[in-house]
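Working notes for the structure below.
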Protein chains: 2
Amino acid sequence: MGRKRTKSGKIRLAEVAELAGVSPITASRFFRNPEALSLAKRTRVESAAKELGYVPNLAARALASQRTEVIGVLIPSLTNNVFSDVLRGIYDASEGNRYSIQLSNTRYSILQEEKLLRLFLAQKPAGLIVTGIDQTAESRAMLEAADCPIVQIMEIGPDPVDMMIGFSHYDAARAAVAHLFDQGRRRIGFVGARMDPRVQRRLDGYVSAMKDAALFEQRLVVTTATPTSVTLGGALFADLLAREPGLDAVFCANDDLALGVLFECRRREIGVPDQIAIVGFNDLEFMASAVPTLTSVRTNRYEMGKTAATMLIEAIDGRRPEQPVLDLGFKIIERQSSMPRHSESRPAASGAGATANKMVALPSGHD
Amino acid sequence: MGRKRTKSGKIRLAEVAELAGVSPITASRFFRNPEALSLAKRTRVESAAKELGYVPNLAARALASQRTEVIGVLIPSLTNNVFSDVLRGIYDASEGNRYSIQLSNTRYSILQEEKLLRLFLAQKPAGLIVTGIDQTAESRAMLEAADCPIVQIMEIGPDPVDMMIGFSHYDAARAAVAHLFDQGRRRIGFVGARMDPRVQRRLDGYVSAMKDAALFEQRLVVTTATPTSVTLGGALFADLLAREPGLDAVFCANDDLALGVLFECRRREIGVPDQIAIVGFNDLEFMASAVPTLTSVRTNRYEMGKTAATMLIEAIDGRRPEQPVLDLGFKIIERQSSMPRHSESRPAASGAGATANKMVALPSGHD
DNA sequence: GTCGGTGCTGGTAGCGCTGTCAACGTTCCT
DNA sequence: AGGAACGTTGACAGCGCTACCAGCACCGAC
């Protein structure tokens, strides 16, 4: 392989123990439960380990202890910004403790998820983070039978496998539509892509809110199974507009689509919000910076990942949370794109950068 | 933990061997090197394994064989879109074979990188993917001494540790500036954030191109160590404009900044490209969809990740690539934002969505 | 003074798999 | 026909660590 072959710089636990003048078992305990040692031995082992640069062999530990210190994470996409925030939270929370993250991408396929789950479970993970609540029956059964704590993330539902953290996409969508009603909008379109279960529930929320107001029409809904993108937002909006020229607002299932809609409006010289209001979903960073600034539903993605991993680790360590289901909520961040029609839609020419920055500094979404 | 405790559904290799009527070693070989078995035994072991639902115990395998089937990946950011594309490539390439990805986030700190490297190396990974060429001396030494193939990604340099795949950020930046020269621009500003080594090399490329044309001035450069964002792009551009009102183009170190600049121009009613041309870097999806569409330097991020992982796995399996350093190149994707001044800057009102889509379908950047 | 409890420590015995090497049967060559 | 060469198989001996349980010292309680 062209690479040097080291003798595998093996410093074993036994060597540490020898240098410290204790038995290997005592040394082992030092790494797993230092409080169980007398102070004298603890310091002896500690300095011996440091002196030798000892690093435990995880494979041996896993084999002997019949469990790993791996947290399996199943997410449906690596591309979606939403998941990169969640992941960052998970990785941040797992830092500094002994657990390591094993990530797998289900690509929005519950069959793939089932396969990966089987793989994970076979290695006896310390814990599992899975996305959503729509598993196959088989997956569900495996999760129920799993001998480790499990957190379902991204949304909440009535029947948690174990723990659960997220928010109601249905309620969030209803709130977004209610906001548009408040702004005097009536003919509100829905634009959605990928149509995974969570987007579907956003659609359901939109439909129910529209029906409650007796404003629902099927032609107001444009969706596709295609993965989301900014460009796609523009294309779907074009479709929507062709079907319903009297449109006065669009609720987009995510922010990329919303940005695409905004660009398409600009292309067609449709005033935002004067002619059409736009509301996105997730409140990605650019929403506060667009012109006009774009209203969105803020979701606490980083916090979700971080809390999920923290809860999971606590549970692994035997400290189960008092509250296994956590609703992180959401927050409508009202910006220019959904202001009432007669308000001025464009900010003063200069100093607008400051305006955008001010939007970013709005009260954070931890509701 | 409130979870059922299974008896740990252990089907050992020995049981498979017994059912198949062979020795455990033969069964073991079946999973590692099936060609070494006679066809009869191979099928016997195969069906026995399937019948019992055998899943190998990776910990035991790692312990006995003194090596893992883990590929360590060190990247500086989980937030940055650029890395999510690279990661996706890496994960895609690692699918279907027996290697699993272990990801760690250095957060743009080479000290953190060194720490993580030490951690990884202690577990004897099968291979390593590290970002960039700017390691600490200590890290470099560890990499040199490592007993596994290593791929450095994201850029190429003169002194690979082992394998290397990327492109020259310096050349790419020079090409971007040359493109702006071609379009008749002279007072070209540079906007950069985070200023990690690769952004720094883009700046170096910009500076050298500007100096070659005797057009360089320090005040044309605005940078910050702050992490990048769309909003930040607007703010940095505002700074730049205050320093140099005669500006006629901006080269942005990434696309988020470029989008921020575009929005800021819109806010200030500065025509793009009539007054100011904008060029971004990476060619994220939204660049083709913005209004006007935004010129960018296309980089082959997904391919980079995928190829890196593929090369690495091949090398692990003993098939080292003939060419250990791979330059994936880049490509200037010329769009409206950098058209010459006198051309019409806005497309026809309708059908522009199609235009944007056409841009997306341009010949791919495999130079 | 003996007893049981508590805190700490150590010995024994694997966890499930694979590296090494020897041995076997078969084929091919001379 | 004999032997070497090859392909295939199996026995043995751990990999480095920890679970389990026993043992020791020391304590206070009866």
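The values are calculated or read from the model by the stated rules, or taken from the named source; none is laboratory data. Because the structure is predicted, anything quoted here is derived from the model rather than measured. Neighbour counts are summed over all protein chains in view; Cβ atoms, including those assigned to glycine, are modelled from backbone coordinates with ideal geometry. Note: areas computed on protein heavy atoms with side chains; ligands, DNA, RNA excluded. Shrake-Rupley method; radii C 1.70, N 1.55, O 1.52, S 1.80 Å.
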Counted residues, region A:83-96 - those being more than 11 Å from every other protein chain (Cβ to nearest Cβ) and in contact with a helix residue (DSSP H, G or I) (Cβ under 6 Å, 6 or more places away or on another chain): 1
Give region A:28-68 a look and list any residue that's more than 12 Å from DNA strand C (Cβ to nearest atom), within 12 Å of another protein chain (Cβ to nearest Cβ) and either exposed (fewer than 13 other Cβ atoms within 10 Å of the Cβ) or modelled with pLDDT of 90 or more (or both), or say none. A:Gly53
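Does A:Ala214 satisfy the condition of being open to solvent by 60 Å² or more (accessible area, probe 1.4 Å) and within 14 Å of chain B (Cβ to nearest Cβ)?
Criteria not met by A:Ala214.
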Within region B:259-273, is even one residue more than 14 Å from chain A (Cβ to nearest Cβ) and within 29 Å of A:Cys265 (Cα to Cα)? yes
Output for region B:144-177, where each listed residue is within 14 Å of chain A (Cβ to nearest Cβ), at pLDDT below 95 and open to solvent by 10 Å² or more (accessible area, probe 1.4 Å): B:Glu144, B:Ala145, B:Asp147
Do any residues in region A:21-33 that are of a type in the set (Ser, Thr, Tyr) have Cβ atoms under 8 Å from those of residues that are open to solvent by 70 Å² or more (accessible area, probe 1.4 Å) and more than 6 Å from DNA strand D (Cβ to nearest atom), where the two are at least six apart or on different chains, and which pairs are they? A:Thr26/A:Lys41
Unique match (being charged (D, E, K, R), touching a residue at least 12 places away in the same chain (Cβ under 8 Å) and within 30 Å of B:Gln152 (Cα to Cα)) among B:Glu69, B:Glu46, B:Glu15, B:Glu51: B:Glu69
Filter result for the condition that a residue is away from every other protein chain (no Cβ under 13 Å) and surrounded by fewer than 20 Cβ atoms within 10 Å (Cβ to Cβ), over A:Asp327, A:Asp317: A:Asp327
Tell me the residue from B:Ser139, B:Ser100 that is at pLDDT 95 or above, more than 17 Å from the chain's Cα centre (by Cα) and among the small types (Gly, Ala, Ser), please. B:Ser139
Conditions (1) closer than 27 Å to A:Gln66 by Cβ; (2) more than 13 Å from DNA strand C (Cβ to nearest atom); (3) in a helix (DSSP H, G or I): number failed by B:Glu18: (2)
